[in-house]
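Asks: Take this structure first; my questions come after.
The values are calculated or read from the model by the stated rules, or taken from the named source; none is laboratory data. The shown structure was predicted, so the numbers you read here are calculated from the model rather than taken from an experiment. FYI the Cβ positions are ideal-geometry reconstructions off the backbone, even for glycines, and counts take in every protein chain you see. In case anyone asks, the SASA skips ligands and DNA or RNA and just uses the protein heavy atoms, side chains included. Shrake-Rupley method; radii C 1.70, N 1.55, O 1.52, S 1.80 Å.
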Amino acid sequence: MARKKGSSGGFGWGFLLGLVVTAAGAFAYFKFGMAPARVPEKPIPFERAAAPAALPPTAHTDVAIRTAPFGTSEDVFEAGAHIYKLRCASCHGTPGHDAAPARSTSPAARQLWKRHGGAVGVSGQEPGLIYAKIADGVPHSGMPAYASQLSETQIWQVSLLLKSAGQQLPDPVIGILKGSK
Ligand code: HEC
């Protein structure tokens with residue numbers, strides 16, 4: 001009986017000690033920042049306005065995994081084509097027509113309707129990555145950031161269009177891009 005009592009008493013203390021150690025560990029974990037820092041969904045607007053060129057190369061990784069809030073359709077492609085024609089074609093060209101290299105950019109903007117290696121334009125990239133490059137721009141290249149000029153919907157429309165640049169697009173979409181409509 002005595003032995004039993006003694007061992008259960010030992011278990012009690014060990015258990016209490018364990019609790020204290022666990023609590024202290026949990027406290028330290030959060031208090032001293034060992035918990036994984038939450039990466040904000042988007043840079044705060046000030047940060048984006050103040051230092052678009054200073055974004056570290058990894059800044060895109062959290063955005064890159066974003067997925068488009070809608071799928072592709074002819075409407076999406078047409079909306080994207082209107083935006084592209086107006087804002088992007090002068091640097092990035094249109095199907096069958098390359099843009100003259102802009103003096104303000106370095107390197108020259110990639111022609112997004114031409115085949116580079118295995119894929120047409122950026123069609124080999126994830127839509128979320130294309131989105132990030134359009135929204136945040138490409139630092140030190142002359143590629144502007146469009147997050148303050150286009151809505152998220154508009155940027156996704158263009159991103160999905162460019163993702164599909166290697167596919168057969170509906171004639172009206174090509175018409176908009178080529179300016180014949
Ligand atoms: C003033 C010229 C200019 C305009 C206008 C412009 N871009 Fe760019 N863009 C560039 C340059 C320069 C780069 C960096 C070189 C490159 O990768 O093409 C770039 C890069 C990109 C990239 C990344 C390409 C890659 O290889 O990963 C995408 C995507 C892109 N632009 C899309 C757009 C879209 C969409 C628009 C319109 C909303 C646009 N750009 C407007 C010059 C421009």
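Asks: Give segment 117-148 a look and list any residue that's within 8 Å of the ligand (Cβ to nearest atom) and either farther than 16 Å from SER159 by Cα or not small (Gly, Ala, Ser) (or both), or say none.
Replies: VAL122, GLN125, LEU129, ILE130, LYS133, ILE134, VAL138, SER141, GLY142, MET143, PRO144, TYR146
Asks: Would you be able to say whether some residue in segment 129-146 is among the basic types (Lys, Arg) and either part of a loop (DSSP other than H, G, I, E, B) or exposed (fewer than 15 other Cβ atoms within 10 Å of the Cβ) (or both)?
Replies: Checked segment 129-146: no residue is among the basic types (Lys, Arg) and either part of a loop (DSSP other than H, G, I, E, B) or exposed (fewer than 15 other Cβ atoms within 10 Å of the Cβ) (or both).
Asks: Return the residue satisfying two criteria in turn: it lies in segment 68-107 and is of a type in the set (Phe, Trp, Tyr) and open to solvent by less than 30 Å² (accessible area, probe 1.4 Å), and of such residues it is farthest from the ligand (Cβ to nearest atom).
Replies: PHE77
Asks: So, one more: From the set of residues in segment 153-181 that are surrounded by fewer than 15 Cβ atoms within 10 Å (Cβ to Cβ) and part of a helix (DSSP H, G or I), which is farthest from the ligand (Cβ to nearest atom)?
Replies: Looking at the filtered set, the residue picked out is ASP171.
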